[in-house]
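Enquirer: The structure under discussion is supplied below as C-alpha cells; questions concerning it will follow.
The values are calculated or read from the model by the stated rules, or taken from the named source; none is laboratory data. None of these values were measured; they are calculated from a predicted model. Surface areas here come from the heavy atoms of the whole protein model, side chains and all, with no ligands, DNA or RNA. Shrake-Rupley method; radii C 1.70, N 1.55, O 1.52, S 1.80 Å.
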Amino acid sequence: MSDLAVYDMDRTVTRRATYTPFLIHCAVRRAPWRLLLLPLVLLSMIAYATRLIDRAKLKEINHQLLLGHVHPRDLKPLVDSFADRQAATNIRPGARKAIARDRAEGRRVVLATASYRLYAEALAERLGFDDVIATGSVVGLDDRVHAKIAGENCYGPAKMRMIADWVEKSGLTGAHGHVRFYSDHVSDQPAFEWADEPVAVNPHGKLRRLAEQRGWAVEDWG
C-alpha cells in the first residue's frame, strides 16, 4: 500500500504562475513576431475576466497566438530551457523541503496541475516527482502539438476527476494509503476534501478562511 502526496503546481510549488511565461518564453525563442499578438492575449484575458470565455478556451486562444502548432522535436529545447529556468528561480523553498520529506517518508509524490503536461512533466522531473496529472494537448495528424486541449482542463472539479482516473489507471483504487494534498487555491476544494491530510499552502483569502473553518493545516512555503 502506497501513501500519496499530491501537489498543485502554480503558486503552490512555484512562486508565480507559469503558463503565460511559458508561452512568452517560446515566442521569444521561436517566433518573436508573435509578441506583436500580445494585445490579443490581453483581450482574451479580459474576455475571461468578464466570463465571455472559460479558462480552457483562454488557454487554447493564448496557445494559438503565442505558440501555434509545433512539432515535439522543436518544442523540446524550449520546454527544457523553460523548465531549467523555473527550477532555478521559481520554486518555493518550502516546496523543496516538503517534496524531500514526502519522498523520505516513502510516499508516491504526484504533481496535479492545470498547467500543460507538455512542460509540467519536465519541471516535475527536475523536482523529483514520480507522476504527473496535467492538462493534455491534442497532437494532430501532422504530428504537431495543437492549441486544442485533449480531454478536460485539469482545474477545479475536473482536477479531482483526473486524479481519480489516475488512481484507477495506476491500480491504486482501494490500495493506496494515506493521502496528503497541497494547494494554494480554493478551486482545489474537491481534492482537499478527498485527501486525508489537506494542507493549504500560502493560501489566498477564500482558501485561508475555508481552511480555518475545516481545521486544515496552513503552511507558508516562502
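Enquirer: How much of the accessible area of the stretch 44-163, probe 1.4 Å, is carbon plus sulfur, in whole percent?
Expert: 55
Enquirer: Could you put GLU197, GLU168 in order of accessible surface area, largest first, with the 1.4 Å probe and the full protein assembly present?
Expert: Ranked list, largest accessible area first: GLU168, GLU197.
Enquirer: Which value at 222 nm does the chain reach when only helices count, each DSSP H run of 4 or more adding -39,500 (n - 2.57), with the total divided by all residues and rounded to the nearest 500 deg cm²/dmol?
Expert: About -14500 deg cm²/dmol.
Enquirer: Here's something else I'd like to know. If I fit a long axis through the Cα atoms of helix 55-66 and take the longest principal axis of the Cα atoms of the chain, what angle between them do I get, 0 to 90°, rounded to 10?
Expert: Taking the Cα atoms of the chain, the angle to 55-66 is about 40 degrees.
Enquirer: What figure, in Å² to the nearest 10, do you get for the accessible area of MET162 with a 1.4 Å probe and non-protein molecules left out?
Expert: 40
Enquirer: For the stretch 129-222, report the convex hull volume of the alpha-carbon atoms normalised per residue, in Å³, without decimals.
Expert: Enclosed volume per residue, from the Cα hull, is 136 Å³.
Enquirer: Per residue, what accessible area does the stretch 71-222 have, given a 1.4 Å probe and all protein chains present, in Å²?
Expert: 46
Enquirer: From Cα pairs below 8 angstrom and at least 6 apart in sequence, can you work out the relative contact order of the chain, rounded to a whole percent?
Expert: This gives 24 percent for the chain.
Enquirer: Which sequence of TRP166, TRP221 reflects their accessible areas, 1.4 Å probe, from the largest down?
Expert: Final ranking, largest accessible area leading: TRP166, TRP221.
Enquirer: Of LYS57, LYS97, which has the most accessible area and how do the rest follow, probe 1.4 Å?
Expert: If we order LYS57, LYS97 from most to least accessible, we get LYS97, LYS57.
Enquirer: Picking from LEU23, LEU38, LEU52, which is most flexible by a Gaussian network model of the chain using Cα springs under 10 Å?
Expert: Between LEU23, LEU38, LEU52, it is LEU52 that shows the largest mean-square fluctuation.
Enquirer: How large is ³J(HN,Hα), in whole Hz, for each residue of the stretch 138-145 in order, when computed from phi with the Karplus curve 6.51 cos²θ - 1.76 cosθ + 1.60 and θ = phi - 60°, using x for Gly and Pro?
Expert: Using θ = phi - 60°, the values come out as 6, 9, x, 5, 7, 6, 9, 6 Hz.
Enquirer: Could you state the angle between the C-alpha long axis of helix 19-30 and the longest principal axis of the C-alpha atoms of the chain, as a value from 0 to 90 degrees rounded to the nearest 10?
Expert: Taking Cα atoms only, the helix is inclined about 40 degrees.
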